[in-house]
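Colleague: Before anything else, here's the structure in question.
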Amino acid sequence: MSVYKNILERKSKNELIIAALLDPDSEDIKDLKGRIRLLEGSKVDFLFVGGSTSWKNNFKEFVGEVKANSSLPVVIFPGSADQISSSADALLFPSLVSGQNPRYLIGEHIRAASILKGMDIEVIPTGYLLIDGGRTTTVEFISGTKPIPQDKPEIARSIAYASELLGMKLIYLDSGSGAKKSPCNSLIKSVKDFIDVPLVVGGGIRSPEEIEEKHRAGADLIVIGTALEDDPEFFNK
Ligand code: 1GP
């Protein structure tokens, strides 16, 4: 089954979907085997791989290592066209629709097009909305875009619905990795009421209670990165 069909099916049953985010710039490639072993028997449904930066320049090797050590579907969540690998099962194709930077709205996608043409990988168009997480995150700094204030749900939901009308298959509300504040429940609910496609939420989520709350508020898929970097046993507790 394709990754997207899997998400749709789980969404239709109102089942919580969880993705563990592995950032090649934060993880040591030689620790991956052990890290993934802990995730395999846990509640995690997908392994997301990606990040705002590529300082280590080892993306393909990293994805290959993740795929070789996991039976979970591997989905690339790329920060740029430099983060593409045919070893993954799927690739989110995120357009940073909350910002006005053409590079992240369409520029990186044009760069990616010639790489993706002829590559056998599922591509999932994703409307990516950056939400204020209480501190300047790497994605905010690198993209040079302003996050949407948490108390402006009318902005977030209009952008989310416009993205759906443009054909995006997922909407991703992200406070950015290591955010102080994750997207709040009222913002999630407000966006959820405006869209039909699955809603992904991430950035600064640190506890099982928060995961449950976000799901109740309308998140179909929750992404956890930093909490897992801090505690590799996060999902085993
Ligand atoms: C970042 O949504 C992801 O793009 C995950 O964020 O690292 O804060 O869990 P955290």
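Colleague: Taking a probe of 1.4 angstrom, what is the accessible area of Ile211 in Å², to the nearest 10?
Modeller: For Ile211, the solvent-accessible surface is approximately 10 Å².
Colleague: Something else: Stretch Lys33-Leu116 to full length: gain in nm at 0.36 nm per residue minus the Cα-Cα span? Could the numbers behind the result be given before it?
Modeller: On the way: separation 83, 0.36 × 83 = 29.88 nm, distance 2.77 nm.
Fully extending the segment from Lys33 to Leu116 adds 27.1 nm.
Colleague: Over the residues of region 146-216, compute the C-alpha Rg and express it relative to 2.2 N^0.38 Å.
Modeller: The reported ratio for this selection is 1.05.
Colleague: Could I ask something else about it? In whole Å, what are the extents of the chain along the principal axes defined by its C-alpha atoms, from largest to smallest?
Modeller: 44, 43, 35
Colleague: Whole number in Å², please: accessible area per residue of the chain, 1.4 Å probe, ligands, DNA and RNA not counted.
Modeller: Per-residue accessible area for the chain comes out at 46 Å².
Colleague: Calculate, in nm to one decimal, what Lys60 and Glu209 gain on full extension: separation in residues at 0.36 nm each, minus their alpha carbon distance. Don't skip to the end; give the middle numbers.
Modeller: Details: separation 149, 0.36 × 149 = 53.64 nm, distance 3.44 nm.
That works out to 50.2 nm of additional length.
Colleague: On a C-alpha basis, how far is the centre of region 8-25 from the centre of region 144-200 in Å? Whole number, if you could?
Modeller: 16 Å
Colleague: Kindly write out, for region 37-53 in residue order, the coupling ³J(HN,Hα) from the Karplus curve 6.51 cos²θ - 1.76 cosθ + 1.60 (θ = phi - 60°), rounded to whole Hz, with x marking Gly and Pro.
Modeller: 4, 5, 7, 4, x, 9, 7, 6, 9, 9, 9, 8, 10, x, x, 6, 10
Colleague: If you place +1 on the Cβ of every Lys and Arg and -1 on the Cβ of every Asp and Glu, how big does the dipole about the Cα centre of the chain come out, in debye to the nearest 20? Kindly include the intermediate steps, with their values, before the conclusion.
Modeller: Numbers: 28 positive and 33 negative charges, 62 e Å.
For this selection, approximately 300 debye.
Colleague: Follow-up. Could you work out [θ]222 nm for the chain from helices alone, using -39500 (n - 2.57) per DSSP H run of at least four and dividing by all its residues? Round to the nearest 500 deg cm²/dmol. Let's see the in-between values first.
Modeller: Details: 9 runs with 80 residues, N = 237.
Result for the chain, helices only: -9500 deg cm²/dmol.
Colleague: Can you give me the % of accessible surface on region 3-230 that is carbon or sulfur? Probe 1.4 Å, all protein chains present, nothing else counted. Intermediate values should be presented prior to the final figure.
Modeller: Values: 5210 of 10150 Å².
Solvent-exposed carbon and sulfur of region 3-230 make up 51 percent of the total.
Colleague: Another question, if that's okay. Mind checking which of Gln83, Gln100, Gln150 has the largest fluctuation in a GNM of the chain, springs on alpha carbons under 10 Å?
Modeller: Fluctuation is largest for Gln100.
Colleague: Under 27 Å Cα-Cα from Lys11, which lysines qualify once same-chain neighbours fewer than 8 residues away are excluded?
Modeller: Qualifying lysines at Cα under 27 Å: Lys43, Lys67, Lys152, Lys169, Lys181, Lys189, Lys192, Lys214, Lys237.
Colleague: For the chain, with a Gaussian network of springs between Cα atoms less than 10 Å apart, report the residue from Glu213, Glu164, Glu122 with the top mean-square fluctuation.
Modeller: Of Glu213, Glu164, Glu122, the most mobile in the Gaussian network model is Glu213.
Colleague: Next question. Can you tell me which of Pro149, Pro208, Pro24 moves the most in a GNM of the chain? Springs connect C-alpha atoms under 10 Å apart.
Modeller: Among Pro149, Pro208, Pro24, the largest mean-square fluctuation in the Gaussian network model of the chain belongs to Pro208.
Colleague: Pairs of alpha-carbon atoms within less than 8 angstrom and 6+ residues apart define the contacts here; what relative contact order does the chain have, in percent?
Modeller: Working: 483 pairs, mean separation 44.6, N = 237.
Result for the chain is 19 percent.
Colleague: Rounded to the nearest 10 Å², what accessible area does Thr136 have for a 1.4 Å probe in the complete protein model?
Modeller: 90 Å²
Colleague: Related question: Looking at Cys184, Ile195, Leu165, which one has the Cα that reaches farthest to the positive end of the dipole of region 156-206 (charges on Cβ: Lys, Arg +1; Asp, Glu -1)?
Modeller: Going by the Cα projections, it comes out as Cys184.
Colleague: To continue, here is another question. Name the residues whose placed amide hydrogens come within less than 5 Å of the amide hydrogen of Leu22, ignoring near sequence neighbours (fewer than 5 apart) on the same chain.
Modeller: Hits under the 5 Å cutoff: Phe48, Val49, Gly50.
The values are calculated or read from the model by the stated rules, or taken from the named source; none is laboratory data. What you are looking at is a predicted structure, and each value in this text was computed from that prediction instead of being measured. Cβ: placed from backbone, ideal geometry, glycine included. Neighbour counts: every protein chain shown. SASA here: full protein model, heavy atoms, side chains in, ligands and nucleic acids out. Shrake-Rupley method; radii C 1.70, N 1.55, O 1.52, S 1.80 Å.
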